[in-house]
Structure formats: C-alpha cells, structure tokens
Amino acid sequence: MRNLSFIAFLIIIISCSGSGSAVSKQLSGSDSLVINFNTPQSNTIAKTMSTTEDKAIKKLMGFVDSKTSEAYKCGYDGNLMFYKKGNLVGDVSFNYSGDGCHHFIMLLNDELAPTAMSNEAADFLKSLGEGKGWY
C-alpha cells in the first residue's frame, strides 16, 4: 500500500512539473499586443487597439491558454497579435459573437490549435470592441 501511494505521488509530481502548455510557451514573454476587430460578417478590420500593459497582455494570454476546443467554422470577430521585442510570436483569431462559436484559434507547431473561450473572455473582448478600455 505504501508503494502504491508513493507511485501515485510521483505520477502527480511528474504530471504537474511540465513547464506549461504549448500556447503559454509560444506566447510567454510577450511585451506588446495588437487587437484587431473586424467589421461584422467580413475580414475587414474596423478597429485596432494596442497595449504594452503587462496586466492586459497576461489577461488575454490566460484567456487564450485554455482547454482544447472544436475548430468551429463560424468566421472571426478579429485577432490578437502578440509581440516579443518587436517580433510576432502569436496571431490568435477569435470569435466571441457567434452563438455556440466562442473560441480562439492559432497556429502551433504548424497545426491549427483551437481553444475554448470563456464567457468572461467573450464579454471582455466584446467590451473592448465597443470601445471600453477596462482591464
């Protein structure tokens, strides 16, 4: 019984000791962010915002770094462009307006990687798109 407990403990330690998800690895160290909002039903950029505020960047990184989702085919409301020292490290498209389509999607290791969008993330992006600048 003691050995079984020790083995379970080791498995937990090993599984928790990873250095983060692929999303967090790719976006870590981002020091600026550009958010583009599209005109509804198109890929034309209607509004652009940018920030170097660490709190805002980390908040959006946290939203993107969530559980894997379906790659919905609903169109996109815009994209998040994460930069590190002037170099683009992540271009993340998002959909917050489509019913049943809330998600993020980005290219990781040459493959599309969709992640789930929480209601908080959808509300946050909608607020920014409407011109509210709160974090």
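Can you pull out the GluC sites (Glu not before Pro) in the stretch 75-135 whose DSSP state is coil and whose Cβ has at most 14 other Cβ atoms within 10 Å? Don't skip to the answer; put the middle values down first.
On the way: sites: E111, E120, E130; in loops: E130.
Answer in residue order: E130.
Among A121, H102, G131, whose Cα lies farthest out toward the positive end of the dipole of the stretch 93-135, if unit charges sit on the beta carbon of Lys, Arg (+1) and Asp, Glu (-1)?
G131
Thinking of the stretch 43-131 as a set of Cα atoms, what percent of all their pairs are more than 20 Å apart?
Numbers: 1188 of 3916 pairs.
Every Cα pair in the stretch 43-131 considered, those over 20 Å come to 30 percent.
Provide the net charge surrounding S30, with neighbours chosen by a C-beta distance below 15 Å and charges set as Lys +1, Arg +1, Asp -1, Glu -1.
Spelling it out: positives minus negatives among the neighbours equals +1.
In the stretch 32-78, which trypsin sites (Lys or Arg not before Pro) fall in coil by DSSP and have 13 or fewer other Cβ atoms within 10 Å?
K67, K73
Quote the FRET efficiency, to the nearest 0.05, computed for T39 versus D123 with a Förster distance R0 of 22 Å and r equal to the Cβ-Cβ distance. Walk me through the intermediate numbers first.
Numbers: r = 21 Å, r/R0 = 0.94.
Efficiency for this residue pair is about 0.60.
At q = 0.20, 0.25 Å⁻¹, what log₁₀ I(q)/I(0) does the stretch 18-82 have when each alpha carbon counts as one equal point scatterer in the Debye sum?
Log10 I(q)/I(0), no solvent term: -0.91, -1.13.
Show which aspartates and glutamates lie in cross-link reach of K58 when reach means a straight Cα distance below 16 angstrom and same-chain residues fewer than eight apart are skipped.
K58 reaches D31, D91, E120.
A short reminder: the numbers here are calculations on the coordinates, not readings from a lab. All figures in this text were calculated on a predicted structure; none of them were measured in a lab. For neighbour counting, all protein chains shown are included, and Cβ atoms are generated from backbone atoms with ideal geometry for every residue, glycine included.
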